[in-house]
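First the structure, in the form of structure tokens, and then the observations on it.
The values are calculated or read from the model by the stated rules, or taken from the named source; none is laboratory data. What you see is a predicted model; the values in this text were computed from it and never measured. Backbone-built Cβ (ideal geometry, glycine too); neighbour counts: all protein chains shown. Heavy atoms of the whole protein, side chains included, go into the accessibility calculation; ligands, DNA and RNA do not. Shrake-Rupley method; radii C 1.70, N 1.55, O 1.52, S 1.80 Å.
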Amino acid sequence: MISPPETAIPIDAIAQALTVALGARDHYTRVHCDRVVQLSEALGKHLGLTSKELEHLSLGARFHDLGKIGIPDTVLRKPEPFEAHEWECMKQHVVIGEQIVLAINGGRVSSVARTVRHHHEHFDGSGYPDGLKGSAIPLDARIISVVDSYDAMIARRPYHDARDHRAVMDILNSESGSKHDPDLVHAFGAVIENS
């Protein structure tokens, strides 16, 4: 008896499965990623990205913290700020996430894999993992960096209370040009004020 040919699993199904896996591992990170997707898409639309570019941005935002699946509980769930060695461990989530996305894509580099790897690069080159600077950082990663920072500060975490919107925007504006792309901070301010 001949079995029917196997069909490729659609990327949407893979994305949903990984989202469920991340939620099972760390519910907070799953909810955070959902908010980052929504805000990143809003900013991408404001910037005039094409539907294909928005699709890639959305996947990058959905998967940006996927690598936290590989971070030990003692670090991932620590209720206070990290020691230096714990911070080095946490920084590996971008590389782990990139490896997962590369595996989905048959080892081929994709814009989504680059976005996941570089969403913690800083505009002035002081970020990680590669110290990229300015426009060398993929646009999607620069977008997610702004949105990720906003959501991390606006939400309550075990080691800090939620900040109010105005305070968070003041911080983002103070980091404009160093941590974040100043044009994107400005555009995000317009988007979030109207959301």
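Which value, in Å to one decimal place, does the Kirkwood hydrodynamic radius take for the range 91-195 when every pair of different Cα atoms is included?
In the range 91-195 this quantity evaluates to 14.4 Å.
In the chain, once you exclude exposed GluC sites (Glu not before Pro) (DSSP loop, at most 13 other Cβ within 10 angstrom), what's the longest stretch remaining?
On the way: sites that count: GLU6, GLU83.
No qualifying site falls inside 84-195, the longest such stretch.
Could you tell me the ratio Rg/Rh of the chain? Both radii from Cα atoms, Rh via Kirkwood.
Values: Rg = 17.1 Å, Rh = 17.3 Å.
Result: Rg/Rh = 0.99.
How much of the accessible area of the chain, probe 1.4 Å, is carbon plus sulfur, in whole percent?
Its accessible area is 56 percent carbon and sulfur atoms.
For the chain, what does the accessible surface come to per residue with a 1.4 Å probe? Please give it in Å².
It amounts to 52 Å² per residue over the chain.
What do you get for trypsin sites (Lys or Arg not before Pro) in the range 132-195 restricted to DSSP loop and a cutoff of at most 14 other Cβ within 10 Å of the site's Cβ?
Sites meeting the loop and neighbour criteria: LYS133, ARG156.
Starting from 0.36 nm per residue, how many nanometres of slack lie between LYS52 and ALA155 once their C-alpha separation is accounted for?
On the way: separation 103, 0.36 × 103 = 37.08 nm, distance 2.99 nm.
Net length gain for the segment: 34.1 nm.
Grab the other residues whose beta carbon is less than 12 angstrom from that of GLY67, score K and R as +1, D and E as -1, and report the net.
Net local charge, GLY67 excluded: +1.
Within the chain, what is the number of lysine pairs with alpha carbons under 26 Å apart, leaving out pairs fewer than eight places apart on the same chain?
Qualifying lysine pairs in the chain: 12.
For SER135, SER111, SER126, give the ranking by accessible area with the largest first, probe 1.4 Å.
SER135, SER126, SER111
Can you list residues whose amide H is under 5 Å from HIS180's amide H, if they're 5+ apart or on another chain and H is modeled 1.01 Å from N?
Amide H to amide H, under 5 Å and 5 or more residues apart or across chains, HIS180 pairs with PHE123.
Remind me, what semi-axes does the range 7-92 give for its equivalent ellipsoid, largest first in whole Å, using sqrt of 5 times each Cα gyration tensor eigenvalue? Mind showing how you got there, number by number?
On the way: eigenvalues 146, 57, 22 Å².
Equivalent ellipsoid of the range 7-92: 27, 17, 11 Å, largest first.
May I ask for the net charge around ASP124, where only other residues with Cβ less than 9 Å from the Cβ of ASP124 are counted and Lys, Arg are +1 while Asp, Glu are -1? Please report the intermediate quantities before stating the final value.
Working: positive: LYS133, LYS179; negative: none.
Residues close to ASP124 contribute a combined charge of +2.
Label HIS27 and ILE171 with points 7 Å out from Cα along Cα→Cβ: what is the distance between them in nm?
2.4 nm
For a bin width of 5 Å, list the pair-distance distribution of the range 97-145 built from all Cα-Cα distances, rounded to whole %.
5, 26, 30, 19, 14, 5, 1
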